[in-house]
Structure formats: C-alpha cells, structure tokens
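Participant: Pasting a structure here, questions to come.
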Ligand code: PMP
C-alpha cells in the first residue's frame with residue numbers, strides 16, 4: 001500500500017492558473033523588459049552553437065568565475081543553481097538543526113522547503129515598521145535563520161548592524177538578496193568575515209532572466225565546499241548558463257534597466273504616498289484592497305493575506321504599464337473613498 005508522507009499531505013495544493021492571462025503582469029516581481037531585439041539575436045546565435053546532445057559542464061566554472069569577478073570575490077565563493085529557490089532547499093540539507101527561523105511577512109519558499117525537510121518553522125514576525133524582531137532568541141539549534149533584504153513583500157531592507165548581530169550568534173544565516181540591485185546597499189562584504197553567512201542572489205529580477213531559472217549563492221570557501229557536495233550534477237542547463245554569461249558582457253544595459261525601474265518605483269511611490277510603503281526593491285507594498293478591481297481591468301498584482309490582508313504588492317512595470325496602473329488605482333481610490 002502506498003502512503004503519502006504527512007509532511008507532503010500538509011502542503012497546500014498548487015493554485016490553478018488564471019483562466020484569462022492578464023494584459024499587464026505586475027504580480028511576480030519580474031523585470032518588465034525582455035532582452036532588446038539586437039541583444040536577443042546575438043544571444044540566440046551563441047545558443048545555436050551549443051551541442052544539445054551533451055550535458056552542461058559538471059562544474060559551471062565559466063559563469064561562476066564571471067559572477068565572482070562582478071562581486072570582486074573568488075570563484076570558490078560562488079555556486080550557481082537552477083534558480084535561487086533550488087539553493088534554499090539545498091542549504092537545508094547541509095546544516096544540522098530542528099527548525100528554521102523566518103520573519104513574516106516574507107518570501108514563502110523558506111517555509112515550503114522546511115516543510116519538505118519535515119522541520120519546524122519558528123516565525124519571529126517583523127515589527128510595526130517591518131524591522132527584525134528578537135530572532136536571536138531562536139538561533140540555538142536553528143538549521144538556518146532566513147533574512148530577506150530587501151524583504152519580499154514589504155520592500156524594506158534590514159540595517160547591516162542588525163544582520164551582523166544575528167551573524168554573531170554563529171547560527172547559519174541565509175541572507176536573501178534577490179532584490180539587492182534595486183537597493184542602496186548590499187551585504188556581500190560580510191561574506192569575508194562570517195563563515196556562517198550564505199547570500200542568495202538571482203538573475204530573475206534585475207538581470208531579467210526569470211525564464212532561464214538561474215540563481216546563485218555566495219559564501220565562504222568552506223561553506224561553499226559543503227553546498228557543492230549536495231547540488232545535483234548538471235543542475236543548470238547549458239542554455240541558461242550561456243544566457244547568464246552573456247549578461248556580464250552587457251552590464252551597461254542591466255544598469256540602465258535598474259535605473260529605469262528605480263525611477264519608476266519612486267514615481268509610483270510619490271503618486272500613492274498615502275498608501276504605499278517605501279521600497280528598495282522592484283515592487284511596492286500598498287494598503288489598497290484593489291486586487292480584484294485591477295484584475296477585471298487586465299492588470300495582475302499580488303493579493304496579500306494574513307497580517308497584510310487588504311494590501312497588494314505591485315511590481316514596477318514599464319512606463320506605460322505604470323501609467324495605466326496609476327489611472328486605475330486612482331479610480332479605485334475615488335470609488336472607495338468615503
Ligand atoms: N528570493 C526572493 C525573496 C524572491 O522574491 C524570489 C522570487 N520571487 C526568489 C528568491 C526566487 O528567485 P529565483 O527565480 O532565482 O528562484
């Protein structure tokens with residue numbers, strides 16, 4: 001008789017995809033820009049030369065080297081994976097400990113992978129201003145403490161001194177910097193000082209490659225050695241590796257996109273100052289219960305629940321998409337004002 005593991009039975013069912021895809025997708029924190037035609041053509045020419053009958057390299061040293069150069073670190077400090085999501089699961093295989101610590105509201109995948117591992121999730125909710133609470137109270141025996149900065153879905157960063165305080169406990173700290181390119185400051189410099197720090201990054205946001213599924217972790221050489229033991233061989237396919245490498249030849253383009261998105265984010269923030277929270281990411285949290293209203297008009301945003309019931313998370317789009325969002329949200333505010 002086959003039986004489903006209870007940890008799997010407890011997981012929520014996968015959501016059904018929407019019947020009608022939205023015209024404007026501001027719900028997944030993707031980049032609103034696909035590669036410009038010329039660059040895409042150049043990349044596809046490179047891709048056409050990749051032998052598809054061959055496995056990708058066992059060690060993707062080329063891309064890891066490029067990332068290391070970009071961060072001013074050694075390739076020994078970098079590991080690439082099939083999206084940074086994959087790395088969350090792998091990290092939980094490396095360390096001992098019976099629980100993870102998260103600070104809600106935050107990215108849902110930390111809890112998802114903890115459930116797969118059958119370990120507890122201790123939630124130390126963020127404070128009123130979305131600041132970290134007393135996570136140190138639960139670092140003993142923690143398999144990992146997850147800190148997301150800038151945090152999804154609130155958009156704020158956590159100060160470096162606060163991150164250092166958690167690192168000083170010696171517990172493994174996973175610092176998720178998926179949105180760091182849109183923020184004022186990163187914490188990558190701490191990798192040199194703390195062996196217990198693993199930073200997660202992704203090509204899905206600022207680098208605009210969500211479809212390629214490419215992420216990476218940065219940590220001390222020793223910690224990386226263990227992560228390399230658990231990563232399945234050939235985790236990233238040859239096409240995505242090449243796409244990642246290609247982006248480092250076009251960092252000026254990436255920089256241009258980042259600047260555009262930050263400017264648009266600030267424009268949206270100014271428009272909805274009474275409802276939006278300041279953000280250092282490519283999205284804004286807004287205290288507006290406008291999900292259904294916007295969807296009827298073809299605009300998808302993320303509906304939030306729990307403590308953020310009645311809030312939406314809006315990804316910054318292209319100028320014309322943001323204009324349409326502004327028009328519709330203004331209409332929503334006028335209709336619901338008492
Ligand atoms: N971390 C955070 C905080 C995210 O919001 C996301 C994507 N929504 C990820 C990680 C996953 O990134 P990837 O596409 O590299 O798996």
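Participant: Beyond 25 Å, how much of the Cα-Cα pair distribution for the range 137-256 remains, as a whole percent? It would help to have the intermediate numbers written out before the result.
Facilitator: Numbers: 2090 of 7140 pairs.
Considering the range 137-256, 29 percent of its Cα-Cα pairs are separated by more than 25 Å.
Participant: Determine, at each q value in 0.08, 0.09 (inverse angstroms), the log₁₀ of I(q)/I(0) that the Debye formula gives when each Cα of the range 53-247 is one equal point scatterer.
Facilitator: Log10 I(q)/I(0), no solvent term: -0.24, -0.30.
Participant: More than 23 angstrom separation, counting every C-alpha pair in the range 32-168; what % is that? The partial results should precede the final answer.
Facilitator: Details: 4853 of 9316 pairs.
For the range 32-168, the share of Cα pairs beyond 23 Å comes to 52 percent.
Participant: While we're here: If you restrict to DSSP beta bridges whose two residues both lie in the chain, what percentage is antiparallel, to the nearest 5? Walk me through the numbers on the way to the answer.
Facilitator: Numbers: 16 of 34 bridges.
Approximately 45 percent, going by the DSSP bridge assignments.
Participant: Separate question: How many angstrom separate the Cα center of the range 281-309 from the Cα center of the range 118-186?
Facilitator: 24 Å
Participant: Which order, highest average first, do 167-175, 187-195 follow once you tally other Cβ atoms within 10 Å for each residue and take the mean per peptide? Could you put the intermediate results ahead of the total?
Facilitator: Working: 167-175: 21.1, 187-195: 16.6.
Highest to lowest by the protection proxy: 167-175, 187-195.
Participant: If you bin every alpha carbon distance in the range 233-338 into 10 Å steps from zero, what whole percent lands in each bin?
Facilitator: Final binned percentages: 13, 38, 24, 18, 6, 1.
Participant: Restricting things to Cα coordinates, could you compute the convex hull volume per residue of the range 1-96 in Å³?
Facilitator: Numbers: hull volume 26.1 nm³, N = 96.
Dividing the Cα hull volume of the range 1-96 by its residue count gives 272 Å³.
Participant: Under the Kirkwood approximation applied to all pairs of distinct alpha-carbon atoms, what is the hydrodynamic radius of the range 58-137 in Å? Could the numbers behind the result be given before it?
Facilitator: Numbers: mean 1/r = 0.0677 Å⁻¹.
Kirkwood hydrodynamic radius for the range 58-137: 14.8 Å.
Participant: Still on this model: Using the Kirkwood radius built from alpha carbon pairs, what does the Stokes-Einstein equation give as D for the chain at 37 °C and 0.692 mPa s, in µm² per second?
Facilitator: For these conditions, the coefficient is 155 µm²/s.
Participant: Let me ask something else. For an R0 of 41 angstrom, estimate the FRET efficiency from the Cβ-Cβ distance between residue 193 and residue 307 and round to the nearest 0.05. Write out the running numbers ahead of the final one.
Facilitator: Details: r = 34 Å, r/R0 = 0.82.
Calculated transfer efficiency: 0.75.
Participant: For residue 10 paired with residue 228, estimate the spin-label separation in nm (one decimal), with each label point 7 Å from Cα along the Cα-to-Cβ line.
Facilitator: In this crude spin-label approximation the distance works out to 3.6 nm.
Participant: Relative contact order for the chain using alpha-carbon pairs under 8 Å, separation at least 6, rounded to a whole percent? Write out the running numbers ahead of the final one.
Facilitator: On the way: 583 pairs, mean separation 74.8, N = 338.
Rounded, it is 22 percent for the chain.
Participant: How much FRET efficiency would the formula 1/(1 + (r/R0)^6) give for residue 221 and residue 295, where r is the Cβ-Cβ distance and R0 is 45 Å, rounded to 0.05?
Facilitator: Working: r = 48 Å, r/R0 = 1.06.
The computed FRET efficiency comes out at 0.40.
Participant: List the relative contact order of the range 53-247 as a percent without decimals, with contacts defined as Cα pairs under 8 Å and 6+ residues apart. If you can, show how the numbers build up before the last one.
Facilitator: Working: 364 pairs, mean separation 51.7, N = 195.
That works out to 27 percent.
Participant: Suppose R0 equals 30 Å; then what is the FRET efficiency for residue 61 and residue 109 from their Cβ-Cβ distance, rounded to the nearest 0.05? Walk me through the numbers before you get to the answer.
Facilitator: Values: r = 27 Å, r/R0 = 0.91.
Working from the Cβ atoms, E equals 0.65.
We did not get these values from a lab; they are worked out from the coordinates using the rules stated. Everything quoted here is computed from the prediction, not taken from an experiment. Please note: Cβ atoms are built from the backbone with ideal geometry, for glycine as well, and neighbour counts cover all protein chains shown.
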